[in-house]
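For reference, the structure discussed in these notes is given below.
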Amino acid sequence: MSRPAEVVVNLSALRHNFSRIRTLAPDSQIMAIVKADAYGHGIARIAQALEQADAFGVACLEEARELRQANIKQRINLLEGPYAREELSEISDLGLDIVVHDISQLEMLDQTQLNKPVDVWLKIDTGMHRLGFLPELVNEVVRRLQQSKCVKDIRLMTHLACANERENPMAFEQIKCFSQFSEGKNFEVSIANSAGIMAFPDTHVDWVRPGIMLYGVSPFNDSHGPQEGLKPVMTLRSKLITVKQLKAGESVGYGATWRCPEDMPVGVVAAGYGDGYPRHAKSGTPVIVNGERVDLIGRASMDMLTVDLRNQPQAKAGDPVILWGE
Ligand SMILES: Cc1ncc(COP(=O)(O)O)c(C=O)c1O
């Protein structure tokens, strides 16, 4: 038997989550965020399954290239824009859009000649204080972009900082700030990430940019994906590879962080932080063994973790385990 840890990606769950976005924001175009290898789900297969998406958002040219090689025809936006001037000619050849968030990127555009101009998403920092121009600079940046021969259409975007807290007033302040600088410009605009789509309809506007909800995860601190009508796309599953009978007081795993309160069965699962399971998951984190919930105990190691099998005394090596997912 080969090592049983595996990731299963459910593309029909992905399509279900996508249709949930369509229902929530029916009048907006959808830029599916597939950066970081589609949040770890595999960028090409995720994009291929999202035929209905109007665009994709990626982190870098390598990801965009992979999508074009996978025959993805939709608009692809480099969410952090070009990192260097040398990237611009391939960006233009691949027909990509770019975010422009920093003065250095305006300079790159000024110093380049392109066969085909690119579409630019000008990013405005309305309070997240990560990427984007300060609102008071927007008119000047627009003017420079309009003068550039490398630039075709301009769109405006911003990113929400606190929309994952449903009542947090910061989202309203960001929306207000953004509209002050976008109104009257006749450009398409985009504000909403997953939390905006779900909790702040005012943010839907022309384009929405869902990431985490596509993969079935709630962006909110107070709910799980299924409570929001989402289905988990990724399941991490494995098997028990041994069950030990330990004595009261004996410790389990690295650092001996957990001790048996009584004589008890402990299962060892073939999954660990090498598989993406968080090393800092606490004892008590739920794990499903034979369809029943048990507790993680002790510290997850690189390719194994341990579970409390007191409510599964019959469990044995080879029994199925789910770490997360369906
Ligand atoms: C610019 C931008 N838009 C949208 C998203 C998607 O955010 P979320 O995963 O919260 O939906 C991200 C994610 O990092 C992003 O950087």
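The values are calculated or read from the model by the stated rules, or taken from the named source; none is laboratory data. Fair warning: this is a prediction, and the values are worked out from it, not measured in the lab. Here the Cβ positions follow ideal geometry from the backbone for every residue, glycine too, while neighbour counts run over all protein chains shown. Side chains included, ligands, DNA and RNA excluded: accessible areas come from the protein's heavy atoms. Shrake-Rupley method; radii C 1.70, N 1.55, O 1.52, S 1.80 Å.
See the values below:
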item	result
Meets criteria (within 30 Å of T242 (Cβ to Cβ) and either within 13 Å of the ligand (Cβ to nearest atom) or touching a strand residue (DSSP E or B) at 6+ places or on another chain (Cβ under 6 Å) (or both)) for V34	no
Test for E87: is it in contact (Cβ under 8 Å) with a residue 12 or more places away in the chain, part of a helix (DSSP H, G or I), over 19 Å from L122 (Cβ atoms) and open to solvent by less than 50 Å² (accessible area, probe 1.4 Å)	no
In the stretch 290-326, the residues that are closer than 12 Å to A271 by Cα, assigned to a loop (DSSP other than H, G, I, E, B) and open to solvent by less than 40 Å² (accessible area, probe 1.4 Å)	A300, S301
Cβ pairs under 8 Å, 6+ apart, first in the stretch 121-144 and part of a loop (DSSP other than H, G, I, E, B), second more than 16 Å from the ligand (Cβ to nearest atom) and not aromatic (F, W, Y)	D125/L134; D125/P135; T126/P135; T126/E173; T126/C177; G127/E173; G127/C177
Pairs, first free of Cβ contacts under 8 Å to residues at least 24 places away in the same chain and more than 13 Å from the ligand (Cβ to nearest atom) in the stretch 37-60, second open to solvent by 10 Å² or more (accessible area, probe 1.4 Å) and of a type in the set (V, I, T), C-beta under 7 Å, six or more apart	none
Candidate set: the stretch 235-253, residues that are polar (S, T, N, Q) and surrounded by 16 or more Cβ atoms within 10 Å (Cβ to Cβ); chosen: the one farthest from G42 (Cα to Cα)	S238
Residues of the stretch 146-203 classified as open to solvent by 50 Å² or more (accessible area, probe 1.4 Å), more than 15 Å from I124 (Cβ to Cβ), free of Cβ contacts under 8 Å to residues at least 12 places away in the same chain and part of a loop (DSSP other than H, G, I, E, B), total	2
